[in-house]
Amino acid sequence: MSSNLSIKKRCEHCKNEFLAKTTKTRYCSLDCNRKHYKILAKQKKVTFVETATKLKINDITEINKKDFLTVKEAAFILSMSLRTLYRLVENKEINAYNFGVRKTLIRRKDIDFYFDLSINNIDINKDHLKNMITTENSYSINQASEKYNISTSALFSLLNRLEIPKKQFGKFVLVKKVDIDSIFANHD
C-alpha cells in the first residue's frame, strides 16, 4: 500500500522539516528514530534510578524511627532477602510475632540483640566438644552403623538432627561412644 499523502512535519530528534507519508510519522529517518529511542531509554533509566534512590533514603529515615518492623523492612535494614529473614525467624534466631496471615512484626531490639550474641563463643564451645572426641572414646560412622544396624546416611541425619558433635579424623568421621550408645540405649 502506498500513500498519496504528503504532510510537512518536524522531526522529533533533529528538528528538521520533512515530508511525511502518514499522519503518525514522527522522524525524518530510521537513524533519527533509533537515536531518539536511545536517548529516551537512557532518560527513563536515570529517572528510575533517581526515584528508587530517593525512596530508599526516605524509607531508611522512616524505618529508623520505628520500634516494630515488618519483615520486609527488617530485611531491608539487614540487607538480606525475605526468605533468609523468614528462615531466621523459623529457626528462632530472631524473635518475631505473627499477628495474622500477612502481618509479622519484629522488634528493633531483637534485631540488635541478634548481633549482640557472641557467635564466636558458640563456635568455641563446639570446637571444645570436638576436641574431646578421640579415637579411643569414639566410634567411626561405619563402626556405629554396623553395631546398631543402621545405614550411614540415616545415622548422619540422626546425628545432625540431635546436634551431636562429630569430628573428621583422616578419612573417618568420629562420634563419641557415649553419645551413640545413649541414642540407641532405649532401642535394645
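The values are calculated or read from the model by the stated rules, or taken from the named source; none is laboratory data. Quantities reported herein were computed from a predicted structural model and do not represent experimental measurements. Methodologically, a virtual Cβ is constructed for each residue, glycine included, from the backbone with ideal geometry; neighbour enumeration extends over all protein chains shown. Heavy atoms of the whole protein, side chains included, go into the accessibility calculation; ligands, DNA and RNA do not. Shrake-Rupley method; radii C 1.70, N 1.55, O 1.52, S 1.80 Å.
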Quiz item: Got at least one residue in the stretch 129-141 being assigned to a loop (DSSP other than H, G, I, E, B), at pLDDT below 85, closer than 30 Å to LYS92 by Cα and charged (D, E, K, R)?
Solution: no
Quiz item: Could you give every pair whose Cβ atoms fall below 9 Å, whose first residue belongs to the stretch 147-162 and is farther than 12 Å from VAL175 by Cα, and whose second residue is open to solvent by 60 Å² or more (accessible area, probe 1.4 Å) and polar (S, T, N, Q), counting only separations of at least 6 or pairs across chains?
Solution: THR152/ASN142
Quiz prompt | Number of positions in the stretch 133-156 that are in contact with a Ser or Thr (Cβ under 8 Å, 6 or more places away or on another chain) and of a type in the set (Val, Ile, Thr) | solution = 2
Quiz item: When both residues are 6+ apart or on different chains and their Cβ atoms are under 9 Å apart, which pairs have a first residue that lies in the stretch 22-36 and is under 19 Å from SER6 (Cα atoms), and a second that is part of a loop (DSSP other than H, G, I, E, B) and of a type in the set (A, V, I, L, M)?
Solution: THR22/LEU5; THR23/LEU5
